[in-house]
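To start, the structure itself, in structure tokens.
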Amino acid sequence: MCNNCNSDEMINNFVDEEIDLSPLKPVIEKYGQVKGSLINILQATQDIYGYLPLRALNYVADNTPNKKSTIYGVATFYTQFRLKPIGKFLILQCQGTACHVNGSKEVSQAICEELKIKPGDTTTDGLFTIEDVNCLGCCSLAPVMMINGEAYGNLTPSEAVNIIRNLAKEADK
Amino acid sequence: MKVLVGLGSCGIAAGGKKVLESINNSVKENELNIAVEPTGCVGMCFYEPLVDVIDGDKKYTYGHVNAKIAKEIVESHLKNGQPLKEYIIYSNEEPDIYVVNQLKIALENCGQINPENIDEYTSVGGYEALKKVLTSMSQQDVIEQMKISGLRGRGGAGFPTWFKWDAALKSGGSEKYVVCNADEGDPGAFMDRSVCEGDPHKLLEGMIICGYAMGSNHGVIYCRAEYPLAIQRLNIAIEQARENNFLGNNILGSDFNFDITIKMGAGAFVCGEETALIESLEGKRGMPRLKPPFPAQSGYWRKPTNINNVETFANVAWIIYHGPEKFAAIGKGNSKGTKVFALSGKIKKGGLAEIPMGMTLREVIFGIGGGIKGDKKFKAVQLGGPSGGCLPENMLDTPVTYEDLGKTGAIVGSGGMVVMDETTCIVDVTKFFLEFTCEESCGKCTYCRVGTKRMLQILNKITEGNGVMEDLDELENLALSVKDASLCGLGQTAPNPVLTSLKYFRDEYVAHIMDKKCPSKKCTALLTYEINKEKCTGCTLCARKCPVQCIEGTVRKPHEIVQEKCIKCGNCFTTCKFNAVEIN
């Protein structure tokens, strides 16, 4: 049996926070009745909250023709969608082919050891989230990581750790 | 005089924005009246950030520019007319070999024009092909020209483009769709991103011509969400094309109407498959449909739909403008025209290279790419990403055509070309691709869903030193079954990395299984870490860094690793400042 078949397990995948639903209303007005726009709605929702909160998804289900099961299916199918909030710094570790042969695994290991979390998780202080991505398209700078939209190339494990320590220091100020 | 700064995603990642800022500031300070324009990626990623200075008929290209060098360029070259020779990587008088050996059609304007300015596109012949089509050609004429050109799909499968257009034209009904597949999911390929960022109007022009030929009024671009800059520039281009009546109603005074919208993908490799892409366009999980019916009969919203890849569309306007015979004269056999490859991995000059079909792999890797980084020994080239295969050195003289590469078991694919040297373990790379396809399998077909996982388990077993020779037969059997019993391209091609590596690099598998050794020293479970007593100074750094305290020794005396306790994390190897830790 997969994890998703057990309903308790499934509910644990979500974060049920108190959120303000008002920014979601214009999104539903724009896309709610346009057929085939569930992905657009979820993308807009994630833009607002940084992830897909349970209450927002329920709101989408109640106000569009989409069933809860359909929404859950789409939200878990695509790697872009997150069911949990992210930290202040989102580290995207490129795991493309060029990065792999140039040592992305070692870089990733060093980052995970430094932050003591694994890809997909957020540090307890809410500062860093690590995610693996397939290709950032900067293959000639491999290995690459992207933090909050800025790319860092030609990394070594120790350089990557230094970059993260500097960010942590800055955030501490 | 005019200055161009390369601001594709790769240029920006290398620091291109700071360079542009520095040049702009410096030009202002010196009160120079010189146009400074951003441009797309010229393909020479290994030299980024790049700055071009165009002075009359002379063109100089500066590489590895930073803010400081940028300022010097302004002060010496722009202000005083003295080119800074030490930073110039090539000029049109002394071109770089990387450029000389290429032939640019799809990428002809990338890195040459400002992609956010439609006038620059029209000044180099842009939208002339569309004018020609709308004023003097019938729908059949256009399709006939595509047939003469011999253009085939550049996304991977290599299906004749004219055939798809013709099938869509013959499907009745007034509601039809042109879809552009810009969901470039192959890790290691980025030519579609480069076209969207560097020459978006060329893509639009190709789509509009396709729309005319098949009788469609709606175009949709399905673009990866990971390419925000591409989406932004496409949006600007669409807006400009509407203002200039290249899109909209009664285009250029004809009775043809056409408009284009963009849909963002949400990250799923399987959506590169055309029927999965259609499902995703409709807002659903991207799971492939059974074919037939083909999209040309029943596609987006069950209406006739033609789907082509970005690079395919980027060839269309050139073919109409220069004539299909000229295109067909390039290439070899049934593989006409050019193909863009993304060179990466252990190669000296990584970037985009557009080559005439029929060039050999050796010419591409050593002639254009400059050979292997650090002059190490070439081991393999991986073509076609997770759907392709690894080829060894003795196959380097294979011409790059759909037929010749197809015979080897690899594919042209979308154009990823990842070069590997002697330090790359083929079993590890194969495992890497299977991890990818296993993760990306949508789960619809049992063989793809379970088969890729079982193959991955076997590979894990082998790289951990627990493999037996029977595993290789099992692996091959599974690979062939997954190929046969999967609905879409993902499952049908996922076993290719396994099959080609078993065919050409079987001895590496055998070394892992029989000798329990990884010849490239990559698979950690098969390695031992030892301290060279002569090099060790007894600084104790490794002992302090060891997470399981398995390094023994006293200060200033050579240390030793207790093998039974060692977890092979490699910490001692990376921390030692005297290269005393050796891997065997």
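For chain B, the gyration tensor built on C-alpha atoms gives an oblate shape. Its axis ratio a/c (a ≥ b ≥ c) is at least 1.5, and a/b is not larger than b/c. Rounded to the nearest 5, the antiparallel percentage of DSSP beta bridges internal to the protein assembly as shown is 60%.
The amide H of A:Gly87, built 1.01 Å from its N in the peptide plane, has A:Thr129 as neighbours under 5 Å, considering only residues 5 or more places off or on other chains. The mean sequence separation of alpha-carbon pairs under 8 Å and at least six residues apart, normalised by the residue count of the stretch B:426-515, gives a relative contact order of 36 percent. Annotation: lysines with alpha-carbon distance below 17 angstrom to B:Lys377 (same-chain offsets under eight excluded): B:Lys346, B:Lys348, B:Lys349, B:Lys521, B:Lys522. Look at the alpha carbon pairs under 8 Å that are at least 6 residues apart: their mean separation over the length of chain A gives a relative contact order of 18 percent. Legend: mean number of C-beta atoms from other chains within 10 angstrom of residue C-beta atoms, peptide A:38-45, equals 3.
For chain A, the square roots a ≥ b ≥ c of the C-alpha gyration tensor eigenvalues yield an a/c of 1.5 or more together with a/b exceeding b/c, which makes the shape prolate.
Contact with the other protein chains removes 20 Å² or more of accessible area, compared with the isolated chain and a 1.4 Å probe, from these residues of the stretch B:1-34: B:Cys10, B:Ala13. Per-residue shielding of A:88-100, expressed as the average number of other chain Cβ atoms within 10 Å of the residue Cβ, stands at 5.
Of all beta bridges DSSP finds with both residues in chain A, what is the antiparallel percent, to the nearest 5? Of those bridges, close to 55 percent are antiparallel. Highest mean packing comes first when the peptides B:475-481, B:93-99, B:486-492 are listed by Cβ atoms within 10 Å, giving B:486-492, B:475-481, B:93-99.
Across peptide A:69-81, the mean count of Cβ atoms from other chains lying within 10 Å of each residue's own Cβ comes to 4.
Among the GluC sites (Glu not before Pro) found in the stretch B:489-555, those both in a DSSP coil and sparsely packed, with 15 or fewer other Cβ atoms within 10 Å of their Cβ, are B:Glu534.
Once the 1.4 Å probe is applied to the protein heavy atoms, the protein assembly as shown comes out at 41 Å² accessible per residue. For the stretch B:277-347 and the stretch A:107-121, compute the distance between their C-alpha centroids and round to whole Å. First find each Cα centre; the distance between them is then 39 Å. Scanning residues 5 or more positions from B:Gly8 or on other chains, those with amide H under 5 Å from its amide H are B:Cys41, with H placed 1.01 Å from N in the peptide plane.
Look at the alpha carbon pairs under 8 Å that are at least 6 residues apart: their mean separation over the length of the stretch B:272-408 gives a relative contact order of 14 percent.
Eigenvalues of the alpha-carbon gyration tensor of the stretch A:6-65, scaled by 5 and square-rooted, set the equivalent ellipsoid semi-axes at 20, 13, 10 angstrom, largest first. Distance from the Cα centroid of the stretch B:498-571 to that of the stretch B:365-403 is 30 Å (rounded to whole angstrom).
Between 0 and 90 degrees, the angle of helix A:68-77 with respect to the longest Cα principal axis of chain A falls at about 20 degrees.
Ranked highest first by average number of other Cβ atoms within 10 Å, how do B:407-416, B:461-470, A:127-136, B:317-326 line up?
B:407-416, A:127-136, B:317-326, B:461-470
Evaluate the stretch B:2-95: find the radius of gyration of its Cα atoms, find its Kirkwood radius, and give the ratio Rg to Rh. With Rg and the Kirkwood Rh in hand, the quotient comes to 0.92.
Rolling a 1.4 angstrom probe over the protein assembly as shown with all protein chains present gives an accessible area of which 49% lies on carbon and sulfur atoms. Accessible surface buried at the A:B interface totals approximately 3200 Å², computed with a 1.4 Å probe on protein heavy atoms.
Counting only DSSP beta bridges with both residues in the stretch B:1-128, the antiparallel share comes to about 70 percent.
Backbone amide hydrogens, once placed in the peptide plane, bring B:Glu48 within less than 5 Å of B:His64, excluding anything fewer than 5 places away on its chain. For the stretch A:83-106 versus the stretch B:405-451, the inter-centroid distance based on Cα atoms is 19 Å.
The values are calculated or read from the model by the stated rules, or taken from the named source; none is laboratory data. Everything quoted here is computed from the prediction, not taken from an experiment. Please note: Cβ atoms are built from the backbone with ideal geometry, for glycine as well, and neighbour counts cover all protein chains shown. Side chains included, ligands, DNA and RNA excluded: accessible areas come from the protein's heavy atoms. Shrake-Rupley method; radii C 1.70, N 1.55, O 1.52, S 1.80 Å.
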